[in-house]
1. Could you list, in sequence order, all residues of the range 96-120 that are touching a strand residue (DSSP E or B) at 6+ places or on another chain (Cβ under 7 Å) and either within 30 Å of N59 (Cα to Cα) or at pLDDT below 85 (or both)?
2. Restricting the search to the range 40-63, which residues are within 15 Å of V3 (Cα to Cα) and of a type in the set (K, R)?
3. Among the candidates G6, G114, G94, which residue alone is open to solvent by less than 50 Å² (accessible area, probe 1.4 Å), in contact with a His (Cβ under 7 Å, 6 or more places away or on another chain) and touching a residue at least 24 places away in the same chain (Cβ under 8 Å)?
4. Would you tally the residues in the range 62-73 being part of a helix (DSSP H, G or I) and loosely packed, with under 14 Cβ neighbours inside 10 Å?
5. Anything in the range 1-54 that is of a type in the set (D, E, K, R) and over 17 Å from the mean Cα position of the chain (by Cα)? List them, or say none.
6. Looking at Q30, is it surrounded by 15 or more Cβ atoms within 10 Å (Cβ to Cβ), touching a residue at least 12 places away in the same chain (Cβ under 8 Å) and polar (S, T, N, Q)?
7. When you go through S82, S108, S76 one by one, which is the residue that is assigned to a helix (DSSP H, G or I), open to solvent by less than 80 Å² (accessible area, probe 1.4 Å), of a type in the set (G, A, S) and within 30 Å of A152 (Cβ to Cβ)?
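The values are calculated or read from the model by the stated rules, or taken from the named source; none is laboratory data. Predicted, not measured: the structure shown is a model, and the values here were computed from it. Positions of Cβ are generated from backbone atoms using ideal geometry, with glycine treated the same way; all protein chains shown enter the neighbour counts. SASA here: full protein model, heavy atoms, side chains in, ligands and nucleic acids out. Shrake-Rupley method; radii C 1.70, N 1.55, O 1.52, S 1.80 Å.
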Amino acid sequence: MRVNLGEPLTIDDMARTALFSKFHFSRIFQRVTGVSPGRFLSAMRLQEAKKLLVSTSLNVADISMRVGYRSVGTFSTRFTRSVGLSPTAYRRLGGYTPQIAQAGAHHSGSTIRGRVTFGSGDPGGFIFLGLFPDRIPEGRPVRCLVLDRPGAFRLDNVPEGTWYVLVQSVAAPPEVAVSHTFDGDQGLSVGTLGPLTVPRGVAITGADVQLMPMRAMDPPVLLALLDVRKAALSESLRDSAA
């Protein structure tokens, strides 16, 4: 997939490369990654587009062609829906977003409580935790919050449904903080819990998530990452006010 993002790959092509039948390949791939081969490929294309937007001067039409889209309109629509910013806004902001909005208010009375821990060291930086309907973090989260360190969390008024708790933490090396440019998944740690079925008016406890450095078989994080500099500044201002 990684070396053929601009080609019209099919499930048959992937299965043939892996020397499996199409159906056996799809089952194994979904078991390992949590998503179907087609969904993973689509996410990788958008992730590559994110990298090209902040690391090259290619226009949006050229980037859409490079990642396998024949229609720039379709590419822009899918990018905006998944990343939370249009391609031009994403480029203008250097690959980060100043804030992540969540879905509309609910009054279900349901809560999810748990803890975020690091499974391998502590990359530092702020921790974004979101509740999504799918294994890939994209679009607007149902509920979200930002932690300044590992530890306990609580999500209130979670709607009824089946959700995934998805967590990401971005280390902020000095060169990133200064240049304000996003370099793919460098320094990114991720964690997933789910699916969790949430009835109305129920408190779910023990929803613990462990952050680990991102691996090649983890689905790409499509949601635009928080600008850790602005998050740190906001945190500093809140502390000063307190």
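1. Step one: filter the range 96-120 for residues touching a strand residue (DSSP E or B) at 6+ places or on another chain (Cβ under 7 Å), giving 96-97, 100, 102, 110-120.
If the condition is that a residue be touching a strand residue (DSSP E or B) at 6+ places or on another chain (Cβ under 7 Å) and either within 30 Å of N59 (Cα to Cα) or at pLDDT below 85 (or both), then Y96, T97, I100, Q102, G119, S120 are the ones that fit.
2. R45, K51
3. Values: G6 fails: in contact with a His (Cβ under 7 Å, 6 or more places away or on another chain); G114 fails: in contact with a His (Cβ under 7 Å, 6 or more places away or on another chain).
Checking each option against the conditions leaves just G94.
4. Here the count works out to 2.
5. Going residue by residue through the range 1-54, those that are of a type in the set (D, E, K, R) are 2, 7, 12-13, 16, 22, 27, 31, 39, 45, 48, 50-51.
R2, E7, D12, D13, R16, K22, R27, R31, listed by residue number.
6. Values: surrounded by 15 or more Cβ atoms within 10 Å (Cβ to Cβ): yes; touching a residue at least 12 places away in the same chain (Cβ under 8 Å): no; polar (S, T, N, Q): yes.
It is false that Q30 is surrounded by 15 or more Cβ atoms within 10 Å (Cβ to Cβ), touching a residue at least 12 places away in the same chain (Cβ under 8 Å) and polar (S, T, N, Q).
7. On the way: S108 fails: assigned to a helix (DSSP H, G or I); S76 fails: within 30 Å of A152 (Cβ to Cβ).
From the options S82, S108, S76, the qualifying one is S82.
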